[in-house]
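The values are calculated or read from the model by the stated rules, or taken from the named source; none is laboratory data. Because the structure is predicted, anything quoted here is derived from the model rather than measured. Every residue, glycine among them, receives a Cβ derived from its backbone with ideal geometry; neighbour counts consider all protein chains shown. Keep in mind that these areas ignore ligands, DNA and RNA; they rest on the heavy atoms of the full protein, side chains included. Shrake-Rupley method; radii C 1.70, N 1.55, O 1.52, S 1.80 Å.
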Amino acid sequence: MPSATRPTRIGMIVPSSNTCLEPQSYRILGDRTDVTIHFARIQVTRIALDDSSDKQFDASVMRAAAEILATADVDVIAWNGTSGSWLGAGHDRELVRDIHDATGIPATTSTLAYMEAFRSFGTERIGLFTPYTEDVNEQIVASYERDGIKTLDHRFLGLSDNESFARVSDAEMRPGSLELAALNPDALVYLCTNLYGANIAEEIEAAMGVPVLDSVAVTLWHCLKMAGAPLLSPRWGRLLASA
């Protein structure tokens, strides 16, 4: 007979060209056996401010992926992408309602996970680091401003091909990260679930004394929190171990 007990199950909707968040999520969990993660991919290849890019994040596509994840009896479903940061948090709140209505399972997104982290940790002033183009960053800054989050300054790498984001090295992230942390924001935000920002979170926090919030780690943190599971090791961002 099957066991009556099982680990917490997290379902994640993943951009198809993302090669970071799946291995990174399991790397962050380490040797934990109390949580498993299960993935469904949707077609996403490019990040830009135009209709063809925005159509990648259509609610019907997300709903279909969520319905597939629901067959694994997951405890929470996350859209593990940051499109809501430029489309607006309201877009993601509607998406979450749609997923819950379709599956009956609690849901979140990377953007809403950040909003919860900002609320939980009293974060109001951030430094923003992304692999995106300047116009996407500017849209994110404006969207965050509407939600009460001030961006002190931002850095961008000028990339739009989603697959390329995961090939950004620690060395490429380090200079801009240190410049932003020197402004003493409430948090340094690595915004992109295909960027290995969590790899240098501990280093930046130790060197600069500024908390780091990485998209992959923050999304996993929120899923664990929603599911009532233990949170993360502080090496992936010290705030994410505490609340």
How many residues are over 28 Å from residue 58 (Cβ atoms) and touching a residue at least 12 places away in the same chain (Cβ under 8 Å) when one looks only at region 1-26?
-> 2
Got at least one residue in region 110-124 being of a type in the set (Asp, Glu), in contact with an Asp or Glu (Cβ under 7 Å, 6 or more places away or on another chain) and open to solvent by 10 Å² or more (accessible area, probe 1.4 Å)?
-> yes
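Can you tell me which residue among 179, 138 is assigned to a helix (DSSP H, G or I), more than 28 Å from residue 225 (Cα to Cα) and touching an Asp or Glu at 6+ places or on another chain (Cβ under 8 Å)?
Of the residues listed, the single one that is assigned to a helix (DSSP H, G or I), more than 28 Å from residue 225 (Cα to Cα) and touching an Asp or Glu at 6+ places or on another chain (Cβ under 8 Å) is 179.
When you check residue 134 against the structure, is it open to solvent by 60 Å² or more (accessible area, probe 1.4 Å) and touching a strand residue (DSSP E or B) at 6+ places or on another chain (Cβ under 8 Å), yes or no?
For residue 134, the condition - open to solvent by 60 Å² or more (accessible area, probe 1.4 Å) and touching a strand residue (DSSP E or B) at 6+ places or on another chain (Cβ under 8 Å) - is met.
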First in region 98-121 and closer than 19 Å to residue 68 by Cβ and in a helix (DSSP H, G or I), second anywhere and open to solvent by 10 Å² or more (accessible area, probe 1.4 Å) and among the aliphatic types (A, V, I, L, M), Cβ under 7 Å, 6 or more apart | 98/59; 99/107; 100/107; 103/70
Check 174, 167 and return the single one that is among the basic types (Lys, Arg), closer than 26 Å to residue 232 by Cα and assigned to a helix (DSSP H, G or I).
-> 174
Tell me which residues, restricted to region 148-160, are under 18 Å from residue 84 (Cα atoms) and open to solvent by 60 Å² or more (accessible area, probe 1.4 Å).
-> 150, 156
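Among 93, 41, which is the only one that is open to solvent by 10 Å² or more (accessible area, probe 1.4 Å) and outside any strand (DSSP E or B)?
On the way: 41 fails: outside any strand (DSSP E or B).
Every option except 93 fails the conditions.
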Exactly one of (1) under 13 Å from the mean Cα position of the chain (by Cα); (2) over 15 Å from residue 188 (Cβ atoms) is unmet by residue 117. Its number?
-> (2)
Could you list, in sequence order, the residues of region 209-243 that are open to solvent by less than 20 Å² (accessible area, probe 1.4 Å) and in a loop (DSSP other than H, G, I, E, B)?
-> 210, 211, 229, 232, 237
Residue check, residue 201 more than 14 Å from residue 130 (Cα to Cα) and either more than 18 Å from the chain's Cα centre (by Cα) or of a type outside the set (S, T, N, Q) (or both) | yes
Hits in region 164-214 - residues which are among the β-branched types (Val, Ile, Thr), farther than 19 Å from residue 23 by Cβ and in contact (Cβ under 8 Å) with a residue 40 or more places away in the chain = 189, 210
Scan region 19-38 for residues that are surrounded by 18 or more Cβ atoms within 10 Å (Cβ to Cβ) and under 24 Å from residue 100 (Cα atoms) and jot them down.
-> 21, 25, 35, 37
Taking region 66-83 only, how many residues are farther than 22 Å from residue 114 by Cα and either of a type in the set (Gly, Ala, Ser) or in contact with a strand residue (DSSP E or B) (Cβ under 6 Å, 6 or more places away or on another chain) (or both)?
-> 4
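Table: residues versus (1) β-branched (Val, Ile, Thr); (2) touching a Ser or Thr at 6+ places or on another chain (Cβ under 7 Å).
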site: 158; (1), (2): no, yes
site: 164; (1), (2): no, no
site: 167; (1), (2): no, no
site: 170; (1), (2): no, no
site: 180; (1), (2): no, no
site: 183; (1), (2): no, no
site: 189; (1), (2): yes, no
site: 196; (1), (2): no, no
Mind checking whether some residue in region 74-88 is open to solvent by less than 40 Å² (accessible area, probe 1.4 Å), touching a Lys or Arg at 6+ places or on another chain (Cβ under 8 Å), among the polar types (S, T, N, Q) and modelled with pLDDT under 95?
-> no
